[in-house]
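Below is one structure, written out as structure tokens; the observations come after it.
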2 protein chains.
Amino acid sequence: MREVFHQSLEDVQSRLVEIADLVTVAIDSATRAFETSDVALAEEVIEADQVIDDKAVALDELAIQILARQQPVARDLRIVVTALRVSTSLERMGDIAEHIAQLTRMRFPERAIPKGLKGSFTKMGELDVEVARTLSELLRTEDLALVETLRGLEEALDELHLKVFEKVLSDAWQGEAGATVDATLASRYLERFADHAVSVAKKVAYLATGDWSVDTDSIAVIAEATEIAEAGAGN
Amino acid sequence: MREVFHQSLEDVQSRLVEIADLVTVAIDSATRAFETSDVALAEEVIEADQVIDDKAVALDELAIQILARQQPVARDLRIVVTALRVSTSLERMGDIAEHIAQLTRMRFPERAIPKGLKGSFTKMGELDVEVARTLSELLRTEDLALVETLRGLEEALDELHLKVFEKVLSDAWQGEAGATVDATLASRYLERFADHAVSVAKKVAYLATGDWSVDTDSIAVIAEATEIAEAGAGN
């Protein structure tokens, strides 16, 4: 029974990584499709999103099963709770890739990227792919140095997001309303993607340390709760 | 010990309702501030969002504590898991109210609502307040008829969202790029708000029924898991 339990816990972690890897593929394809107006690639992203959604639901089910059947404590409990809290964010990141692919498809055969913004969007796309890869690596290794890497990427994306607005609102902007809508939505999506990743990263930090928040005042209650449970489990 | 346990479970549910009520106040104030360019009210919403965030974190902590200390099963387990999965969405709904308030503040003393869209945005705001109230009521009563009410509201918001885009992209649209950006963001926020509510509603349906998804194929695994745990708990 114990062995089965540890297998299913490993399963939880490997499934989280698997979903993060799928999200990485999705954002990589979606941003490339957006940049090159590749509608076939955009269609692929839209279709593949269902797989991410299904895998997130299946992971939630597994996590709830483990809670119900095996009543994990301490680090095991943290793994299960983290999976429940992270799966939704990963699913949302997949949705964002899908939204970018939908923008591409909607505008085809015209370019989805408005004139004058190609450089900004290419850079934002590259950063988001880096965000997804780093997040996958963080889930795989629990190397908390990567949390800082993700924060840095998020800040860079925030700056680019603001620059897009500056351009759109400048006198030099000649885009029509359609181009303005596209630029607003795409920039917002690309920026949100990194927000979700940072939110996941905080939860992984909790998984690794048992400390609720690495960046704000340390909240000892969780560590205390798991310690109590740990002590109780010895009975 | 049992009595303490049941008190903390009731506490979980009442805290969910409390957060949903705060979100209702936030979206009500935010949409009114947006409509009337009331920057003082917008500031209130922005300030109050921290309370929602803090309460969501505190609820997560309580839920994890209960999992660690009391290893709940069956319906009790579902309550705790639902709290963990719902708190994030409620927090996001609060964030959306804050974003709308920020739009209002950013444009002040000018109107945040672009010309020609006042009717659409007033209607969307009213519907979002209705969404928040219905969600609160659903969390309080677990009356699953309200899930359908929420779906209806979400559909109405989707339609209004599309109409905003139609107007912005029509030849009659005379807004400058700034107005187009504002309309795009505000409409997207107001539409997303209902999406989150429906996502919460699905999780509440799981809480009430033990069935994972009310709208897709019924997944029996959760009910099975909780039954097994329930049977095991008799030992």
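The table that follows gives values for the structure above.
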| item | result |
| --- | --- |
| Any chance A:Leu185 is more than 9 Å from chain B (Cβ to nearest Cβ), in contact with a Ser or Thr (Cβ under 9 Å, 6 or more places away or on another chain) and in contact (Cβ under 8 Å) with a residue 40 or more places away in the chain | no |
| Tally, over segment B:190-203, of residues that are buried (at least 22 other Cβ atoms within 10 Å of the Cβ) and within 16 Å of B:Glu126 (Cα to Cα) | 4 |
| Scan of segment B:22-36 for residues that are over 11 Å from B:Gly94 (Cβ atoms) and among the hydroxyl-bearing types (Ser, Thr, Tyr), ordered by number | B:Ser29, B:Thr31, B:Thr36 |
| Qualifying residue in segment B:125-142 (condition: free of Cβ contacts under 8 Å to residues at least 60 places away in the same chain, within 14 Å of chain A (Cβ to nearest Cβ), within 22 Å of B:His196 (Cα to Cα) and among the hydroxyl-bearing types (Ser, Thr, Tyr)) | no |
| Residue pairs meeting the criteria (Cβ under 9 Å; at least 6 apart or on separate chains; first of a type in the set (Lys, Arg), in segment A:57-75; second at pLDDT below 90 and assigned to a loop (DSSP other than H, G, I, E, B)) | A:Arg75/A:Gly210 |
| Some residue of segment A:45-52 being within 14 Å of chain B (Cβ to nearest Cβ), surrounded by fewer than 18 Cβ atoms within 10 Å (Cβ to Cβ) and in a helix (DSSP H, G or I) | yes |
| Segment A:24-65, subset of a type in the set (S, T, N, Q) and within 30 Å of B:Ala83 (Cβ to Cβ), residue farthest from the chain's Cα centre (by Cα) | A:Gln65 |
| Any hit, segment B:150-159, residues being within 12 Å of another protein chain (Cβ to nearest Cβ) and either touching a Lys or Arg at 6+ places or on another chain (Cβ under 6 Å) or not hydrophobic (A, V, I, L, M, F, W, C) (or both) | no |
| Positions within segment B:104-138 being of a type in the set (A, V, I, L, M) and outside any loop (DSSP other than H, G, I, E, B), in sequence order | B:Met106, B:Met124, B:Leu127, B:Val129, B:Val131, B:Ala132, B:Leu135, B:Leu138 |
| Cβ-Cβ under 7 Å pairs, at least 6 apart or on other chains, segment B:161-181 side more than 7 Å from every other protein chain (Cβ to nearest Cβ), far side aromatic (Phe, Trp, Tyr) | B:Lys167/B:Trp173 |
| One residue from B:Lys163, B:Lys167 being out of contact with any Phe, Trp or Tyr (no Cβ under 7 Å at 6 or more places or on another chain) and either of a type in the set (Lys, Arg) or crowded, with 22+ Cβ neighbours inside 10 Å (or both) | B:Lys163 |
| All positions within segment A:66-83 that are over 18 Å from B:Leu59 (Cα atoms), at the interface with chain B (Cβ under 7 Å from one of its Cβ atoms) and part of a helix (DSSP H, G or I) | A:Leu67, A:Ala68, A:Arg69 |
| Which numbered condition B:Thr122 fails, given (1) at pLDDT 95 or above; (2) more than 14 Å from every other protein chain (Cβ to nearest Cβ); (3) surrounded by 21 or more Cβ atoms within 10 Å (Cβ to Cβ) | (3) |
| Subset of segment A:168-183 (residues that are of a type in the set (A, V, I, L, M, F, W, C) and under 20 Å from B:Ala172 (Cβ atoms)) | A:Ala177, A:Ala179, A:Val181 |
| Qualifying residue in segment A:77-88 (condition: modelled with pLDDT of 95 or more, of a type outside the set (Asp, Glu) and surrounded by fewer than 21 Cβ atoms within 10 Å (Cβ to Cβ)) | no |
| Some residue of segment A:86-101 being within 23 Å of A:Asp21 (Cβ to Cβ) and more than 15 Å from the chain's Cα centre (by Cα) | yes |
| Of all residues making up segment B:127-144, the number that are within 12 Å of B:Gln13 (Cα to Cα) and buried (at least 19 other Cβ atoms within 10 Å of the Cβ) | 3 |
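The values are calculated or read from the model by the stated rules, or taken from the named source; none is laboratory data. Nothing here was measured: the structure is a model prediction, and the numbers come from that model. No Cβ is skipped: glycine too gets one built from the backbone with ideal geometry, and neighbour counts run over all protein chains shown.
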